[in-house]
Amino acid sequence: MITGNKIGLRAIETKDLENLKNWRNLENFRKNFREHRELNSINQETWFNKLNNSTNDYMFGIITLEDNQLIGACGLLYVNWIIRSADFSFYIGINEHYIDDLGFAYEATNLLLNYGFNDLNLNKIWMELYEFDHKKINFFKENFNFKTDGILRQNCFYKGKYWDSQIISLLKSDH
């Protein structure tokens, strides 16, 4: 387990799958994910099995150290070992926070960035965020100095409208 002051990052367990599925299926969360369809238990188990067999995906449950309560999930996915990059996945599910004001998101992000840059020796951690996902865009740009690499025009369809995606990233040298 990767531990901080209030939270820890630990491997996803079978017992976490129901909570993770329920959080990902929340409309206010799901609209922000590339996998936008409602997930069922079979989808969740298939994802979990694929994750456990992957050497390029590192997913963690975010837990409180005080009581080991699962509060969210985060990960470094699609690791490209040649250019040493990974896609950053993240949300706080408990109480439908998405990004919380309690410091959990900030601490979990720091832990995962440090793990990616220092333990996995990644050079770049990136994410694709839809232009309406202001909460994440602002959180990562303002708190961690993520930069916009580019815009994918009309790369999302939501509620009858096409939206742009931002590709944002943080380099190890900027961390």
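The values are calculated or read from the model by the stated rules, or taken from the named source; none is laboratory data. All values reported here derive from a predicted model rather than from experimental measurement. So basically every Cβ, Gly included, is an ideal-geometry build from the backbone, and we count neighbours across all protein chains shown.
Looking at this structure, is Ile82 without any contact (Cβ under 8 Å) to a residue 24 or more places away in the chain and either in a loop (DSSP other than H, G, I, E, B) or surrounded by 14 or more Cβ atoms within 10 Å (Cβ to Cβ) (or both)? Criteria met by Ile82. When you look at Ile99, is it of a type outside the set (Phe, Trp, Tyr), surrounded by fewer than 21 Cβ atoms within 10 Å (Cβ to Cβ) and over 17 Å from Tyr58 (Cα atoms), yes or no? For Ile99, the condition - of a type outside the set (Phe, Trp, Tyr), surrounded by fewer than 21 Cβ atoms within 10 Å (Cβ to Cβ) and over 17 Å from Tyr58 (Cα atoms) - is met. Scanning the stretch 40-67 for residues that are surrounded by 13 or more Cβ atoms within 10 Å (Cβ to Cβ) and either part of a helix (DSSP H, G or I) or charged (D, E, K, R) (or both) gives Asn43, Gln44, Glu45, Trp47, Phe48, Leu51, Asp57. Per the listing Phe157, Phe146, the residue uniquely surrounded by fewer than 12 Cβ atoms within 10 Å (Cβ to Cβ) and either closer than 14 Å to Tyr106 by Cβ or out of contact with any Pro (no Cβ under 6 Å at 6 or more places or on another chain) (or both) is Phe157. Take Ile137 and decide whether it is within 17 Å of the chain's Cα centre (by Cα), at pLDDT below 95 and closer than 25 Å to Lys6 by Cβ. Against the criterion (within 17 Å of the chain's Cα centre (by Cα), at pLDDT below 95 and closer than 25 Å to Lys6 by Cβ), Ile137 does not qualify. Do the conditions hold for Phe144, that is, is it touching a Gly at 6+ places or on another chain (Cβ under 9 Å) and among the hydrophobic types (A, V, I, L, M, F, W, C)? For Phe144, the condition - touching a Gly at 6+ places or on another chain (Cβ under 9 Å) and among the hydrophobic types (A, V, I, L, M, F, W, C) - is not met.
Take the conditions under 24 Å from Asp119 (Cβ atoms), modelled with pLDDT of 95 or more and not β-branched (Val, Ile, Thr) and apply them to Tyr58. Does it pass? So that I can check it myself, show each step before the final result.
Numbers: under 24 Å from Asp119 (Cβ atoms): yes; modelled with pLDDT of 95 or more: yes; not β-branched (Val, Ile, Thr): yes.
Against the criterion (under 24 Å from Asp119 (Cβ atoms), modelled with pLDDT of 95 or more and not β-branched (Val, Ile, Thr)), Tyr58 qualifies.
Looking only at residues of the stretch 1-29 that are assigned to a helix (DSSP H, G or I), out of contact with any Leu (no Cβ under 6 Å at 6 or more places or on another chain) and of a type in the set (Asp, Glu), we find that the one that is surrounded by the fewest Cβ atoms within 10 Å (Cβ to Cβ) is Glu27.
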